[in-house]
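Before any comments, here is the structure.
The values are calculated or read from the model by the stated rules, or taken from the named source; none is laboratory data. None of the values given here were measured: they were computed from a predicted structure. Here the Cβ positions follow ideal geometry from the backbone for every residue, glycine too, while neighbour counts run over all protein chains shown. Side chains are part of the model used for accessible areas, which takes the heavy atoms of the whole protein and leaves out ligands, DNA and RNA. Shrake-Rupley method; radii C 1.70, N 1.55, O 1.52, S 1.80 Å.
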Amino acid sequence: MSFEVIANTRTLQGTGASRRLRRAGKVPGIVYGGKGAPIAIETDHNDLLLKLKKQAFHSSIIDLLVDGKKEQVLLRDYQTHAYKPLVLHIDFQRVDATHELHVKVPLHFVNEDVAPGIKLGGGLVNHVMTEVDVQCLAKNLPEFIEVDLGNMNIGDSLHLGELKLPKGVKLGHHAAADAVVVGIVGKGGGAAEETSEGEGEAPAAA
């Protein structure tokens with residue numbers, strides 16, 4: 001999926017200028033990184049709000065047109081109103097095709113309904129992570145990483161090091177290979193509950 005954001009350079013800055021932009025249906029923002037200098041921008045609020053609702057927008061290479069000039073960027077940060085559907089500010093980072101990106105990519109869990117631990121054992125899925133930090137070149141950036149639960153039984157867990165990563169993609173520096181991504185537990189806690197009950201009964205037996 002590809003995304004395009006149309007923006008213009010923003011000459012007036014400061015709190016007052018940002019308020020006026022928002023009243024006019026615009027969102028103030030900034031583009032930074034790469035070989036270019038940081039540029040203050042403004043873009044259409046409603047269009048941006050719709051794009052932010054799409055999960056892929058948060059982990060895709062975006063075509064940003066600033067005054068008609070296109071460059072590729074990543075969404076790095078954005079601020080929203082505490083309770084209104086309003087985007088207050090947005091940050092984009094330029095993408096360098098020759099340098100690896102460090103990006104959080106969402107996990108898509110599949111085959112939960114046919115996993116033996118769920119279909120036959122009546123277990124429950126415990127999602128420990130919903131995204132993972134990866135490193136790759138811009139051309140290899142995946143929209144998501146699929147996690148197949150089709151063979152998992154009660155008590156099984158899947159770790160970061162066991163994920164099937166797309167070609168050219170590797171775990172980020174701070175991603176521990178032995179960290180648990182997802183597991184299947186029995187209803188009521190399964191083995192974990194039995195252990196805690198045993199620990200609680202031991203003093204009484206003594």
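Need one number for segment 59-107: average projected area of the convex hull over its C-alpha atoms, nm².
Over all viewing directions, segment 59-107 projects a mean Cα-hull area of 4.9 nm².
With loop defined by DSSP as not H, G, I, E or B, and exposure as at most 14 other Cβ atoms within 10 Å, which is the longest segment of the chain clear of exposed trypsin sites (Lys or Arg not before Pro)?
With a cap of 14 other Cβ atoms within 10 Å, the longest stretch comes to 55-163.
Measure off 7 Å from each Cα along the Cα-to-Cβ vector at His174 and Asn140, then give the distance between these two points in nanometres to one decimal.
Here the modelled spin labels are 2.2 nm apart.
Within the chain, what whole-number % of the accessible surface is contributed by carbon and sulfur, with the 1.4 Å probe and all protein chains included in the calculation?
Ligands and nucleic acids excluded, carbon and sulfur reach 52 percent.
When you have a sec, figure out the Kirkwood radius of the chain from all distinct Cα pair distances and drop it here in Å to one decimal?
Hydrodynamic radius (Kirkwood, Cα pairs) of the chain is 20.0 Å.
Summing -39500 (n - 2.57) over the DSSP H runs of n ≥ 4 in the chain and dividing by its residue number, what mean residue ellipticity at 222 nm do you reach, to the nearest 500 deg cm²/dmol?
Taking each H run of at least 4 residues, the total per residue is -5000 deg cm²/dmol.
How many percent of DSSP beta bridges within the chain run antiparallel, rounded to 5?
Bridges in the chain that DSSP calls antiparallel: roughly 75 percent.
I'd like to check one number: the per residue accessible area of segment 56-193, probe 1.4 Å, reported in Å² as a whole number.
Result: 55 Å² per residue.
Amide H neighbours of His108 under 5 Å, at least 5 residues apart or on other chains, H built in the peptide plane: list them.
Here Ile145, Glu146, Val147 satisfy the definition.
Binning at 5 Å from 0, report for segment 26-119 what percent of all alpha-carbon pair distances ends up in each bin.
P(r) for segment 26-119, in whole percents per bin: 2, 11, 20, 21, 15, 10, 6, 5, 4, 3, 1, 0.
When the solvent-accessible surface of protein heavy atoms is calculated with a 1.4 angstrom probe, in what order do Phe109, Phe57 fall, highest first?
Descending order: Phe109, Phe57.
Once you have the alpha carbon radius of gyration of segment 10-71, what is it after dividing by 2.2 N^0.38 Å, with N set to its residue count?
In units of the globular-protein estimate, segment 10-71 measures up at 1.20.
Given 20 °C and 1.002 mPa s, how large is the Stokes-Einstein diffusion coefficient of segment 132-182 in µm²/s, with Rh as the Kirkwood radius over Cα pairs?
Value of D from the Cα-based Kirkwood radius: 180 µm²/s.
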